[in-house]
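Below: one structure, written as structure tokens.
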Amino acid sequence: MNPLIVPHALLLSLALFAIGVVGVFLRRNIITVFMCVELMLNAVNLAFIAFSRSWGNLDGQVLVFFVLTVAAAEAAVGLAIIISIHRHKDTLDVDAFNIMKW
Amino acid sequence: MSLPLFHAILFYMFAAVAVGAALAMVVQRNPTYSAFALIVSLVSLAGIFGLLGSPFIAALQIVVYAGAIMVLFLFVLMLLNVKEELRVAGEGRVSKLVAIALGAVLAGEVGSVLVAVRTPVAAAFDASARAVALLLFEKHYLYVFEATSILILASLVGAIALAKRDPSP
Amino acid sequence: MSLSPVQQELAISTVKVLVIFGALMTLFSLMTYVERRLLAFMQFRLGPNRTGPFGLLQPVADGIKLFFKEEVTPAGANKVLFVAAPALAVVTAFMAVAVVPYGGTVSLPHWGWMPDWLEGRRIALQISDLDVGVLYLFALSSLGVYGIVMAGWAANNKYTLIGGLRSSAQMFSYELALGLSFVSLILVAGSFRIHDIVDSQKGWIWQWNAIRQLPAFAVFLVAATAEVNRTPFDLPEAETELVAGFHTEYSSMRFALLQMAEYINMITASAMGANLFFGGWHFGIPGVPDSPLWFIGKMLAFLFFFIWLRGTVPRFRYDQLMHFGWKVLVPVAMAWIFVAAALVLWRHS
């Protein structure tokens, strides 16, 4: 394998994470915000795999396995919550859910 | 053409697609297009996982992330009939700039650490399913594995309970 | 001309891809004809027998007709996704063929006129022998759902949307059962490589997984039929229900692409059944040499079985379908995994 791939994969992971962060700040639709969070999780997965390859340690792979599983569980519950709040207010705009503001 | 060059070409191709699709996802106004862009990004990430010597995690990424989680997103988007996000004129231009500036600051800080760090490449790397499984079912990861299965059960029950329509009185 | 090892591998793989692509397209067009003929015979009528001898030129006539038909895009349809959906369906269908082995390895003979890196080279009769071959197939069938979801949504038609959602829900429900049926095969063979699973069935005919692991085979048969949207699980796309479901608004070449995706998925499912459950290229009697011909025969038998099923069985209602997938197939597959794991442990102790 080309030894340059590992540091460049880390930079790619950083780029994807930064794009995800900017997306969470910028977007107003709650499902899109959720998708940007998933993008950040994937960037972290890429970093884990790159480091696992770099140090030859398989713990990174096992951690990615767990991140994948927890992300699936979180997506299920998060989307169920989104469905029920949509039923309440019939909008998916993040700014509309501000009842807890003082 | 040598093997390292071939790998490098493939990596840059996948990386370009991943970043392009991620940007498309953030910029698109229609959330369904964003979902499809994210799927493209996830699949190219799986390709990069394969290049980094982890075929098992690459296949799992497509099966779990691109194949199950994103299908769930698409179902919710289509059932809720989500329209395009309306762009309110002139509002929040400053906040947009602040957001992009903060993202750039984050990228700059972490990037300066990453380019300074030394990343050796391990010589013999066996990340086949057998090797990952042997580690996964060892002592402390076995406990986490079982806990994760209970977590999935909890989220299954929770998702059904939350999304259920209240029976009309 | 001397090629580096990477370029040699690329050249050999390109030739394999072209050969298999040609064979698949031929088989696909033949299948459209054979299906109509066999269904006709089962229904005591004749089927297409006018174009060419015995109607063999029917696929050619169909192709010419589809080529010249006008392609209608419904107003208000999402143009990009409407065009991309059949393409995505076909791409995932064809990508699955890359890990299907149809023989062991052959050695090219020394003919003298070939470049020296080809003389006597051992070539595997498989485009790519992935270490996670079975997982790759599973991944591609997960991606295949998107072609249908996109097709159903992009046409801006509520019936197509319902048909698309129903079809994709059916596909990923039965995908779970399909994957679970594979797990017991992987347990016994000890590897994700399809080659290893085929070799674990070497020997006599009762060592084939269809006999040794009968519940897994039963679950696979039902789940594979549901995965490729064939009768009795073709409710989402039947002409009499929901006006042909997710491919209502497609005409001409895009419809042909969707049909091609379905047939190629069926061919891949038959090839996988032949490999994983019927011993692939092994004959079943130890003396007889292995040959791709046995594999092709088994695959054709599976395809005939799919057509036979279509001519015989009525289709499931949608709620019966989902009930069967989740409440019958998944528990049966899981129970068999326990039994298979216990047997493997007992054998190794």
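The numbers here are math on the coordinates, done by the rules we state, and not lab data. Remember, predicted model here, so these are calculated numbers, not experimental data. We place every Cβ from the backbone using ideal geometry, glycine too, and count neighbours over all the protein chains shown.
Against the empirical curve 2.2 N^0.38 Å, the C-alpha radius of gyration of the stretch B:3-163 lands at a ratio of 1.32. Using only Cα coordinates, the Kirkwood hydrodynamic radius of the stretch C:1-67 works out to 14.4 Å. The mean number of partner chain beta-carbon atoms within 10 angstrom of a residue's beta-carbon across peptide B:157-165 is 5. Relative contact order for the stretch B:3-163: 19 percent, from Cα pairs under 8 Å spaced at least 6 residues apart, divided by residue count. If you average the alpha carbon positions of the stretch C:201-262 and of the stretch C:19-51, how far apart do those two centres end up, in angstrom? Distance between centres, Cα-based: 17 Å.
The P(r) of chain C has a tail past 35 Å containing 28 percent of all C-alpha pairs.
Short to long, the 5 Å bins of the Cα pair-distance histogram for the stretch B:90-169 hold 3, 10, 8, 8, 8, 8, 13, 18, 12, 7, 4, 1, 1, 0 percent of all pairs.
For the Cα trace of the stretch B:13-74, dividing Rg by the Kirkwood Rh returns an Rg/Rh value of 1.00. What is the total of Lys pairs in the protein assembly as shown with C-alpha atoms under 17 Å apart, excluding same-chain pairs fewer than 8 positions apart? The number of close lysine pairs in the protein assembly as shown is 7. Note on B:Leu135 and B:Leu79: their simple-model spin labels are 3.7 nm apart, each label 7 Å out from Cα toward Cβ. In sequence order, the stretch A:53-69 has phi-based couplings of 5, 5, 8, x, 9, 7, 4, x, 5, 5, 5, 4, 4, 6, 4, 4, 5 Hz under the Karplus curve 6.51 cos²θ - 1.76 cosθ + 1.60, θ = phi - 60°, and Gly or Pro positions carry x.
Neighbouring Cβ atoms from other chains, within 10 Å of the Cβ of residues in B:21-32, number 6 on average.
Suppose R0 equals 51 Å. What FRET efficiency, 1/(1 + (r/R0)^6) with r the Cβ-Cβ distance, do C:Glu70 and B:Phe145 give to the nearest 0.05? That gives a FRET efficiency of 0.35. Per the Cα gyration tensor, the stretch A:5-96 maps to an equivalent ellipsoid with semi-axes of 31, 16, 5 Å, ordered largest to smallest. Inter-label distance, C:Phe54 to B:Val117: 6.7 nm, where each label sits 7 Å from its Cα along the C-beta direction. Mean per-residue shielding of peptide A:81-92 is 3, counting Cβ atoms of other chains within 10 Å of each Cβ. A crude spin-label estimate for the pair C:Trp206 and B:Leu153, with each label 7 Å from Cα along the Cβ direction, gives 4.0 nm. Using R0 = 41 Å, the C-beta based FRET efficiency linking C:Leu39 and A:Lys101 works out to 0.05. What would the Debye equation give as log₁₀ I(q)/I(0) for the stretch C:127-226 at q = 0.13, 0.22 Å⁻¹, counting only Cα atoms as equal point scatterers? Listed by q, the Debye log ratios stand at -0.56, -1.09. Can you give me the P(r) profile for the protein assembly as shown? Cα pairs, bins 20 angstrom wide beginning at 0, each as a whole percent. With a bin width of 20 Å, the distribution comes to 17, 51, 29, 3, 0. Considering every alpha-carbon pair of the stretch C:190-349, the percent of pairs per 10 Å bin, from zero through the bin containing the longest distance, is 10, 31, 32, 19, 6, 1, 0. You can think of it this way: the chain between C:Val17 and C:Glu119 has 34.7 nm of extra reach, that is 0.36 nm per residue less the Cα-Cα gap. Just checking the listed ones, C:Asn157, C:Asn265, C:Asn229: in the Gaussian network model of chain C with Cα springs under 10 Å, the one fluctuating most is C:Asn157. A Förster radius of 22 Å, combined with the Cβ-Cβ distance separating C:Leu187 from C:Ser128, puts the computed FRET efficiency at roughly 0.40. Between amide H atoms placed 1.01 Å from N, distances below 5 Å from C:Gln213 occur with no residue 5 or more places distant or on a separate chain.
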